Amino acid sequence: NVRLRGDDQQKSNKGGIMLKIILGVIVVLVAGIFILAAMKPDVFRVERSAAIKAPPEKVFALINDFKAWTRWSPWEKKDPAMQRSYGAVTAGKGATYGWNGNNNVGQGSMEITDATAPSKIELKLDFIKPMEGHNTVVFTLAPQGEMTQVNWTMQGPTPFIGKIIHVFINMDKMVGGDFEQGLANLKAVAEKN
């Protein structure tokens, strides 16, 4: 009986040690994630460019009018049932657009804050779902012979919870892929006669 109690005590001690080791590993992993997150920048930036064989005025018109976005936006195919709402003005400074869709597109709104034809369009982009975010989007267009160089950037603040997410998700690859698809779509639409 004494030996059995001793074996039980040893098993109990080993179980306690294992539990402490597991808890220690979890604490180290969580601390590591927090340290990596703290090292992430306070502002994120995603940028992509494309050369489009069309005059800047033609490309500008496709970006400057929210109703034209249905022809090239990379998010249109992610949720064809997406609900859209347009403000009284849909093109130029002051134009507004809102959407509400599935998990791939979320919910949010945009407003054109600057429209300098045919070289620059700046937007205020506000996400509501799946995660709140407030970003700035800028399209710049520069003529290069018979081509127009289109540059699409998005940047915004990264709160600490966002930094933790960025430890696991590469924002540049995720959003950058959508930008690349959008620019390819924009090129196809703008280059049609």
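The values are calculated or read from the model by the stated rules, or taken from the named source; none is laboratory data. Everything numeric here is computed off the predicted structure, so don't read it as measured data. Note that we place each Cβ from the backbone using ideal geometry, even for glycine, and neighbour counts take in every protein chain shown. Quick note on the areas: whole protein, heavy atoms, side chains included, nothing else; ligands and nucleic acids left out. Shrake-Rupley method; radii C 1.70, N 1.55, O 1.52, S 1.80 Å.
Couple of notes before you dig in:
- Figure legend. Inter-residue proximity from region 69-93: first residues touching a residue at least 24 places away in the same chain (Cβ under 8 Å) and open to solvent by 40 Å² or more (accessible area, probe 1.4 Å), second residues of a type in the set (A, V, I, L, M) and part of a loop (DSSP other than H, G, I, E, B), beta-carbon distance below 9 Å, spacing 6+ or different chains. Indicated pairs: TRP75/MET82; TRP75/VAL105; LYS78/VAL105.
- Extreme residue, farthest from ALA81 (Cα to Cα), among residues of region 126-148 that are of a type in the set (A, V, I, L, M) and either open to solvent by 60 Å² or more (accessible area, probe 1.4 Å) or at pLDDT below 95 (or both): MET131
- If you go through region 85-98 and keep only what is out of contact with any Lys or Arg (no Cβ under 9 Å at 6 or more places or on another chain) and either at pLDDT below 95 or part of a loop (DSSP other than H, G, I, E, B) (or both), you end up with GLY87, ALA88, VAL89, GLY92, LYS93, GLY94, ALA95.
- Failed criterion for ALA68 (all others in (1) aliphatic (A, V, I, L, M); (2) within 18 Å of LEU186 (Cα to Cα); (3) assigned to a strand (DSSP E or B) hold): (3)
- Of the residues making up region 50-70, those that are more than 20 Å from the chain's Cα centre (by Cα) and at pLDDT below 95 number 0.
- Search result, residues across region 107-120 that are in contact with a Phe, Trp or Tyr (Cβ under 6 Å, 6 or more places away or on another chain) and assigned to a loop (DSSP other than H, G, I, E, B): ALA117, PRO118
- Residue tally, condition more than 22 Å from TYR97 (Cβ to Cβ) and either among the hydroxyl-bearing types (Ser, Thr, Tyr) or touching a helix residue (DSSP H, G or I) at 6+ places or on another chain (Cβ under 6 Å) (or both), over region 53-69: 1
- Residue count for region 173-193, restricted to those that are aromatic (Phe, Trp, Tyr) and either open to solvent by 10 Å² or more (accessible area, probe 1.4 Å) or farther than 23 Å from ILE52 by Cα (or both): 0.
- Only residues that are touching a Lys or Arg at 6+ places or on another chain (Cβ under 9 Å), open to solvent by 90 Å² or more (accessible area, probe 1.4 Å) and in contact (Cβ under 8 Å) with a residue 24 or more places away in the chain were counted in region 37-57, giving 2.
- Output for region 99-125, where each listed residue is small (Gly, Ala, Ser), touching a Lys or Arg at 6+ places or on another chain (Cβ under 7 Å) and either open to solvent by less than 10 Å² (accessible area, probe 1.4 Å) or in contact (Cβ under 8 Å) with a residue 60 or more places away in the chain (or both): GLY106
- Test: residue in region 37-56 that is at positive phi and part of a loop (DSSP other than H, G, I, E, B): no
- Qualifying residue in region 149-172 (condition: under 15 Å from ALA50 (Cα atoms), within 19 Å of the chain's Cα centre (by Cα), polar (S, T, N, Q) and open to solvent by 40 Å² or more (accessible area, probe 1.4 Å)): no
- Members of region 58-67 that are free of Cβ contacts under 8 Å to residues at least 60 places away in the same chain and either of a type in the set (Lys, Arg) or over 11 Å from ALA95 (Cβ atoms) (or both): ALA61, LYS67
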